[in-house]
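Please read the structure below before turning to the comments.
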Amino acid sequence: MTGEVAVLGAGMHPWGKWGRSFVEYGATAARAALADAGLEWREVGSIVGADTVRGGYPGYVAGATFAKALGWQGTRVTSVYAACASGAQAVNTARAQILSGLADVVLVVGADAAPKGFFRPAGGDRPDDPDWLRFRVLGATNPTYFGLYARRRIAVHGDTLEDFAQVKVKNSAMGALNPYARYRKRVTGEEVAASAVVADPLRLLDICATSDGGAALVLSSMEFARRHGVAEPVRIRAVSTVTPRYPNTVLDLPDIATDSAVAVEPAARTFRESIAGAAYEEAGIGPEDLSLAEVYDLSTALELQWYEDLGLCGAGEGAKLLREGATSLDGRIPVNPSGGLASFGEAVPAQAIAQVCELTWQLRGAAGDRQVAGARVGITANQGLFGHGSAVIAVR
């Protein structure tokens with residue numbers, strides 16, 4: 001186990017399609033997190049920005065952009081990019097700075113102004129870029145992969161379209177209770193089934209949208225938290241940022257082929273399983289200790305896969321866990337009490353930070369109508385393009 005860091009503040013800008021700069025969303029979230037922590041911006045020793053290159057060239061979207069928006073004050077600055085895992089990488093960078101003694105207080109910020117429709121690669125020819133290749137060689141958008149994942153679950157585990165729809169039903173019910181969510185309307189299974197087919201077998205309501213939004217955290221050393229009068233803060237106990245192991249025998253976005261396992265035996269864990277496994281090992285806990293989980297439900301079928309990869313149930317038992325009501329708000333292990341991406345849409349560099357914001361509010365007992373009773377331990381999990389694993393464990 002490594003040392004813990006305290007979460008003193010959490011803040012968000014509501015998700016939606018606002019038509020404004022990502023800088024505004026990030027600055028709003030940052031000010032909210034600072035207010036929640038009871039700190040002034042000038043008291044922050046370092047700022048870590050989770051980046052997106054869609055908003056302009058990389059210099060424009062660096063952590064310094066948020067520092068400038070808040071007002072130059074000479075703080076240390078770091079910029080992090082890891083696709084969907086950018087937010088967790090930013091949290092990990094902030095934690096490392098605190099544990100190494102470089103800073104007592106670190107502000108972590110991520111924000112995005114996402115394009116309309118599905119994500120596409122940046123322009124230019126890059127034949128050594130797997131993300132470019134999957135679009136140019138196969139014409140495979142993200143939903144194409146989501147549909148393939150769903151087909152695999154149907155073929156291997158017997159999942160049904162009704163199972164997928166019930167994930168959306170569950171998440172929409174919880175998202176309806178979240179003031180930061182973009183979609184705050186409950187959805188029925190019939191409405192999911194009636195929505196347009198996007199990538200068979202998935203319907204429009206099975207797939208998350210792209211959104212604008214911002215999220216921020218104020219992290220500190222445990223000693224600073226005590227001096228600040230916070231005796232029992234929410235604490236980050238583990239951050240997993242692992243990569244896959246060769247040979248990777250499970251096809252994953254954006255790759256268009258798996259590795260050969262002829263000469264090398266595959267690892268005991270798949271990549272997604274190893275993401276959570278590393279976090280459990282660092283925190284000294286297991287899935288049986290969890291009170292809740294926030295997972296990256298890019299599609300309804302992918303949420304079921306995360307149940308299994310987190311060890312909440314055995315392989316192929318994700319749909320059974322859902323049907324039993326175990327992952328609902330009043331279930332044994334609520335998953336995505338925030339409403340998940342189904343209710344937010346994806347604001348790439350902000351999303352993993354938003355997951356930790358939700359853990360923070362849940363562990364404080366401050367989540368309002370979506371509060372998980374007796375929450376003490378939570379995990380987040382997501383996966384960024386090109387082999388960026390991401391999981392955070394927070395406790396109180």
Looking only at segment 356-386, which residues are open to solvent by 10 Å² or more (accessible area, probe 1.4 Å), closer than 28 Å to PHE146 by Cβ and modelled with pLDDT of 95 or more? ARG370
For segment 208-222, how many residues meet the condition of being open to solvent by 20 Å² or more (accessible area, probe 1.4 Å) and either without any contact (Cβ under 8 Å) to a residue 24 or more places away in the chain or part of a strand (DSSP E or B) (or both)? 0
Just the residues that are modelled with pLDDT of 95 or more, among the hydroxyl-bearing types (Ser, Thr, Tyr) and outside the structural domain of LYS17 (by the TED database), please, taken from segment 212-245. SER240, THR241
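Answer yes or no as to whether GLY340 is closer than 23 Å to PRO143 by Cα and touching a Cys at 6+ places or on another chain (Cβ under 9 Å).
Numbers: closer than 23 Å to PRO143 by Cα: yes; touching a Cys at 6+ places or on another chain (Cβ under 9 Å): yes.
Criteria met by GLY340.
Considering LEU204, LEU161, which residue is touching a strand residue (DSSP E or B) at 6+ places or on another chain (Cβ under 6 Å) and at pLDDT 90 or above?
Working: LEU161 fails: touching a strand residue (DSSP E or B) at 6+ places or on another chain (Cβ under 6 Å).
LEU204 is the lone residue from the list that is touching a strand residue (DSSP E or B) at 6+ places or on another chain (Cβ under 6 Å) and at pLDDT 90 or above.
Of all residues in segment 137-156, which are surrounded by fewer than 14 Cβ atoms within 10 Å (Cβ to Cβ) and either in contact (Cβ under 8 Å) with a residue 60 or more places away in the chain or not in a loop (DSSP other than H, G, I, E, B) (or both)?
To start, the set of residues in segment 137-156 that are surrounded by fewer than 14 Cβ atoms within 10 Å (Cβ to Cβ) comprises 137-139, 155-156.
Residues satisfying the conditions are VAL137, LEU138, ALA155, VAL156.
To keep it simple, each residue is scored yes or no on (1) open to solvent by 30 Å² or more (accessible area, probe 1.4 Å); (2) over 25 Å from the mean Cα position of the chain (by Cα); (3) touching a residue at least 60 places away in the same chain (Cβ under 8 Å).
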residue: TYR25; (1), (2), (3): no, no, yes
residue: ALA29; (1), (2), (3): no, no, yes
residue: ALA67; (1), (2), (3): no, no, no
residue: SER79; (1), (2), (3): yes, no, no
residue: GLN89; (1), (2), (3): yes, no, yes
residue: ILE98; (1), (2), (3): no, no, yes
residue: ALA113; (1), (2), (3): yes, no, yes
residue: ARG120; (1), (2), (3): yes, no, no
residue: PRO127; (1), (2), (3): yes, yes, no
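Hey, among ARG226, ARG272, which residue is charged (D, E, K, R), part of a helix (DSSP H, G or I), free of Cβ contacts under 8 Å to residues at least 12 places away in the same chain and open to solvent by 20 Å² or more (accessible area, probe 1.4 Å)?
Numbers: ARG272 fails: free of Cβ contacts under 8 Å to residues at least 12 places away in the same chain.
The unique qualifying residue is ARG226.
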Quick one: would you say ALA283 is over 17 Å from the mean Cα position of the chain (by Cα) and either at pLDDT 95 or above or under 21 Å from GLN362 (Cβ atoms) (or both)? yes
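The values are calculated or read from the model by the stated rules, or taken from the named source; none is laboratory data. Predicted model only: the values in this text are computed from it and were never measured. Every residue, glycine as well, gets a Cβ built from its backbone with ideal geometry; the counts of neighbours run over all protein chains shown. What goes into the accessible areas is simple: the full protein's heavy atoms, side chains included, and nothing from ligands, DNA or RNA. Shrake-Rupley method; radii C 1.70, N 1.55, O 1.52, S 1.80 Å.
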